[in-house]
Every structure is written in C-alpha cells, then in structure tokens.
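No lab work stands behind these numbers, since they all come straight from the coordinates. The structure displayed is predicted, hence computed values, not measured ones. Virtual Cβ from ideal backbone geometry, glycine too; neighbours counted across all protein chains shown.
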C-alpha cells in the first residue's frame, strides 16, 4: 500500500518507521526541506517533499500536523486527491477536527493514536511507539465503512488496541483523563510557588519528593500543548474543571470543618476508584 | 551506642537494619509479640519486647509510631528514662508533635526522615532507605545542643541530608509539597469518577494513560495516611488548599473566558517553575 504522511514529527515519523518495516511505501510531506532529507536518511519515508502533490499517489494519508494546521492542510491537499484516497488524522481532539475536515473530504476517518513521549519532532520518532496503546477511531454516519476498516487494519498493524466511539464522546473522555490533569497539575505548581515566605518556599523546593514530582509532571510540560488542548476541547474541559472544583470544595470543607469521617470516606473511595483507570497500565 | 526504637514498621525497621550494620546495639519495642520475634529473626534489632522498660538501657530512642500514638508513647516511656536519654521522633508533622512531647521530656529532638515506599510494616523494612533523602530536624530554644548534634550525627550515618528548620516552617513546607498534592490528586480521581454517562466514564477509564496515572498516584494511596496528615497539619493544609483553589480559579477563568495569552503565560511559568522543586530528584 502507498501511505502518505503529512507532518514528520514524533507521531508521523514513528508511523513511517513502522509502516515501512511492514513493506508499505511511505511518502512524507514536511514544510522544511531539511526535515524531508533527514526523514529519508533515517529511513522514516521512501520519498519526501515539501510539496503536497507528492501524495497524489497515496492510497491512505495520515494527517500528523499540529491540531491547528489540520483543516488548512486538508484544504491544500484536496486538489491532489482521487475519490478513493482515504484521509485520516491523528489529532488529540476530535469533534472540531472531524467537523472541519469531513465537509472537505467525505472519505475521511477521524483518529487518535494515544501514544507519545515527552520529546517531540522527527528526532524523537521511534519504532513501536504505538504498541499496546489505544488507537481511537471516531467514525460518523458519513464515514465509508471500507475506509474505516482500512484505517483500523493499519492501526492494528502498529500493534495498537483499536477503539471506536463518537467524536464528542472521545473529547469528553480525554478531557477527564488527559486535559484536566494538566490544569490540576499546573495549578499545584503555581500554588506552591505562590508561598511568600522565601525560607518556607526554599524548604518546600528542597523537600519536594516523588509525590510532588508525579503530581506536578504534566503541569510542568509543554505550554503550547496545554494551550492547544484547552482551545480545541474548551467546552469539555470547562465542564471537567467545574466538576473538579466542586470535588475540591468538598475536600476543603472536610478539612476546614474537621469532618474527618467524611474525608476518610472520600479518600477510601478514591483509593478504590483509581485502579479502574490505571490497572491496565504499568504502574 | 545503644539505640532504642519504638514502632517496628517501615521506618523503625529500616533504621534498625542500618544502625545494626553500623555496630550499634538496637533495642526494639512493638506492641505485638510476633512483630518482636520477626524483628529479631530479620536482624532488625538485637533485642525486642512489647515492654517499654527494655529501653531503660538506651542512649537514644527513636519514636517511630504513627503520629497519633507519639504523645501517649512518650508518657508511657518517661518513667523508664534517665535524664541523659535522648528522645527523637520521625513524625511527618512537627509543630503539634514537638508541642506535645517537649513539655514531657526536654531532652527531645523533633525529626522527620523524608523517606518511604508505598509499602508499610516490618516486612517493608529495607537497608539504605534513607540514603540521599532529606532528614529534617526541628530544634527549639529548649533543645539541648549536644542532643541535637547526636541525632544529626546518627541521621548522617544513614547517609541522609540533614536540614534544620523551625517546626512551623517544616509544617508549612510539607503542606505544599506533600499534603496538598494528596488532596489535589484525590479530587482528580473523584471528579473523573463523577462522569454520569457510563459510556464516557468507561472510555475515560480505558484511555487513561501515564498523565492520569502520575497525577492520580498520591490521591489513590493509603486513606489513613491522608487523613492523619490533614488532621495533624490542618491549619497549614487549609492555607495551601485555599491558595490552590485561587490558582485553579485563575485557570478556569482563562479557559472559560478564552484568555489564551494569559493561559499560555501561566503554563509557561509553571513549566519554568517545576524544575526548582524537582531538579534534585530522579525524574
């Protein structure tokens, strides 16, 4: 199969490595000529060009640009496509992306491979990035069944676990477990840093250990990514933030009001609930 | 030196292993006769008994019971002590503990070795638990300088980094980086679990990945520990929780009001601030 990839960063580059190792021909597009040359040199693609016309020959095209570039990339790509060409994306928010791309190209399958590292860019691309990770597909009534099956087949060939859901369901789910944690965690760092006594702040920074390290990790990550999540998944994130604030208020009430048995019950419940989210993961 | 340890759990047991390996004689007290026997069999102590009178021979006694038992243990222990006997504790909150013990025994040094694992009890005891960890000592004006030096020397012999501060400063610092994260993280689990659509909840549980795993870790831990932190460090924790809520409100305002440059600035700041807390740790 001829597979096109637009955007040769961590995700696009890692896909190229895997698809080529499965004997597909991979055609890559990056805005930078130097990235195209590096991608060929690293064996990420068979051919590469800054020119989208290269993808006229592709059977399936993976859009791997940042979220904000997906719709414009589609518009620029459409003139080169034949009706049989399947378009799919890897955006981490689905409803606004699906709504922006589907009217432009009906042979489209929304997707979200839930893999990543703290690194980004072509240099971070690696084989087997998607092994045992969720790969979510978000078909609509307009999605051709055969195209959905083709993309699902390719996702499974990366050894991903394929899940299907509606774009809106996807966005609500990831708001909880991916976008809300960033804001929760960032607020923790900002709160600690707000300590006005320099001696106490210095002690806090010195004593911080694994608990703080883990709770603050995603809040200290790439600010552009956090911003983009918030912009694209705003309604779901606002809902999650409001639910979070009301849970926090409950805890504050318990501590302020010395309602110790309520607090113990709440902490026992979270201790029982956490495994429902993380038991499938390496701890 | 003859070292007494009351409470043969993770902390007390691990101290016993290290002190014995440095040729000290270790005398252990545990309420349970079986724990005493196991401690001798594991080489954690030289002698053990459920009877505090065993410690009449000790030069320094480490109180390693849970926070709520420290004051009562001291009261029961005092009849057996000679004035030269140094008492020190390992409680994770200092001001209320120091205020409860010092009037009973002036030859006292408040301490907090900042080490631990997710496990507890004698079975979890291990050599070298304290290596490279902070060991905080919180002397007051009443603390004998020589006794402080003796405890600091023993803490350094565990290869800990010894820090000195006031009990109140300690409690404010650990409220930020140890106790607040538990409440922040527990609120996250509770908020996610509050999703009412069972399909979306199921997707959230399925898609949860390393970001959720890390941010939720300390909120899914031992509820008794979380409760005890809140009870003993309540004023500091309330202050930290209120500062946290106001940071969270700022973020919610940014997202609700689409103040994207404010949000980007905030996330850039947390990304710059986090290393001040965690750069000394393994990431």
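The angle between the Cα long axis of helix A:223-232 and the main principal axis of chain A comes to about 80°, on a 0 to 90 degree scale. Once you have a ≥ b ≥ c as the square roots of the Cα gyration tensor eigenvalues for the stretch A:16-95, tell me rounded if a/c is under 1.5, and otherwise prolate or oblate according to whether a/b is larger than b/c. Here the stretch A:16-95 falls in the rounded category. Between copies, residue B:153 shows label-point distances of 7.7 nm, shortest first, with the point placed 7 angstrom from Cα along Cα to C-beta.
Please figure out what share of the DSSP beta bridges in the protein assembly as shown is antiparallel and state it in percent, rounded to the nearest 5. Write down the numbers at each step before the final one.
Values: 6 of 50 bridges.
Of those bridges, close to 10 percent are antiparallel.
Spin-label model, residue A:161/residue B:202: points 7 Å from Cα along the beta carbon direction are separated by 1.4 nm.
Cβ-Cβ distance of residue A:222 and residue B:32, R₀ of 51 Å, FRET efficiency by 1/(1 + (r/R0)^6): the value works out to about 0.50.
With a Förster radius of 60 Å, plug the Cβ-Cβ distance of residue A:59 and residue A:272 into 1/(1 + (r/R0)^6) and report the FRET value to the nearest 0.05.
Working: r = 48 Å, r/R0 = 0.80.
Efficiency, rounded to the nearest 0.05: 0.80.
Given a cut-off of under 8 Å on Cα pairs at least six residues apart, what relative contact order in percent is computed for chain A? Walk me through the numbers on the way to the answer.
On the way: 428 pairs, mean separation 38.9, N = 283.
Averaging sequence separation for qualifying contacts and normalising by length gives 14 percent for chain A.
Each peptide in B:144-156, B:170-182 gets a packing score, the mean of other Cβ atoms within 10 Å over its residues, and the list from highest to lowest is B:170-182, B:144-156. Mean per-residue shielding of peptide B:248-258 is 5, counting Cβ atoms of other chains within 10 Å of each Cβ.
Rounded to two decimals, what ratio of Rg to Rh does the stretch B:2-165 give with C-alpha atoms and a Kirkwood Rh? List each step's numbers first, then the result.
On the way: Rg = 14.1 Å, Rh = 15.3 Å.
Ratio value, two decimals: 0.92.
Distances from residue A:194 to itself in the other copies, using label points 7 Å out along the Cα-Cβ axis, amount to 1.9 nm in increasing order. Compute the Cα gyration tensor for the stretch B:169-278, then decide on rounded, prolate or oblate, letting a ≥ b ≥ c be the square roots of its eigenvalues: rounded whenever a/c is under 1.5, prolate when a/b is larger than b/c in the other cases, and oblate in all that remain. The shape class here is oblate.
Working from Cα positions, state the angle (0 to 90°, nearest 10) between the long axis of helix B:198-207 and the longest principal axis of chain B. Roughly 60 degrees, rounded to the nearest 10.
On average, how many beta carbons from a partner chain sit within 10 Å of the beta carbon of a residue in A:163-176?
Details: counts 3, 0, 6, 3, 0, 1, 6, 3, 1, 7, 13, 5, 4, 14.
Partner Cβ neighbours, averaged per residue: 5.
Taking a label point 7 Å from Cα toward Cβ, how far is residue A:1 from its twins in the other copies, in nm, shortest first? Relative to the other copies, residue A:1 has label-point distances of 6.9 nm.
The length gained on full extension between residue A:128 and residue A:149, counted as 0.36 nm times the residue separation minus their Cα-Cα distance, comes to 5.4 nm. Computed on the stretch A:169-278, with alpha-carbon pairs under 8 angstrom and 6+ residues apart, the relative contact order is 33 percent.
Rounded to the nearest 0.05, what FRET efficiency do residue B:75 and residue B:194 have when you use their Cβ-Cβ distance and R0 = 35 Å? Walk me through the intermediate numbers first.
On the way: r = 44 Å, r/R0 = 1.27.
My answer for the efficiency is 0.20.
A Gaussian network model of chain A, with springs between Cα atoms under 10 Å, assigns the largest mean-square fluctuation among A:43, A:13, A:91 to A:43.
Would you order A:281, A:266 from fewest to most other beta-carbon atoms within 10 Å of each residue's own beta-carbon? Can you show the working numbers first?
On the way: A:281 12, A:266 23.
Starting with the residue having the fewest Cβ neighbours, the order is A:281, A:266.
May I ask you to derive the relative contact order of the stretch B:2-165, considering only C-alpha pairs under 8 Å and at least 6 residues apart, and to give it as an integer percent?
Values: 345 pairs, mean separation 36.2, N = 164.
With pairs under 8 Å counted, the relative contact order is 22 percent.
The stretch A:54-130 and the stretch B:195-231 have Cα centres spaced 32 Å apart. Taking each residue as 0.36 nm, the span from residue A:280 to residue A:22 lengthens on full extension beyond its C-alpha to C-alpha distance by 90.1 nm. If both residues of a DSSP beta bridge must be in the stretch A:2-165, then about 10% of such bridges are antiparallel. Antiparallel beta bridges, as assigned by DSSP with both residues in chain A, represent about 10 percent of the total such bridges. Taking every residue in B:230-243 and counting other chain Cβ atoms within 10 Å of its Cβ, the average works out to 4. Distance from the B-onto-A rotation axis is smallest for the Cβ of the chain B residue given, in whole Å, as B:214, 2. Counting only alpha carbon atoms, the long axis of helix B:234-256 and the longest principal axis of chain B meet at about 20°.
Can you work out the PRE-style zone for residue A:265? Point 7 Å along Cα to Cβ, and I want the residues of the stretch A:214-255 with backbone N under 17 Å. Residues passing the 17 Å test: A:247-255.
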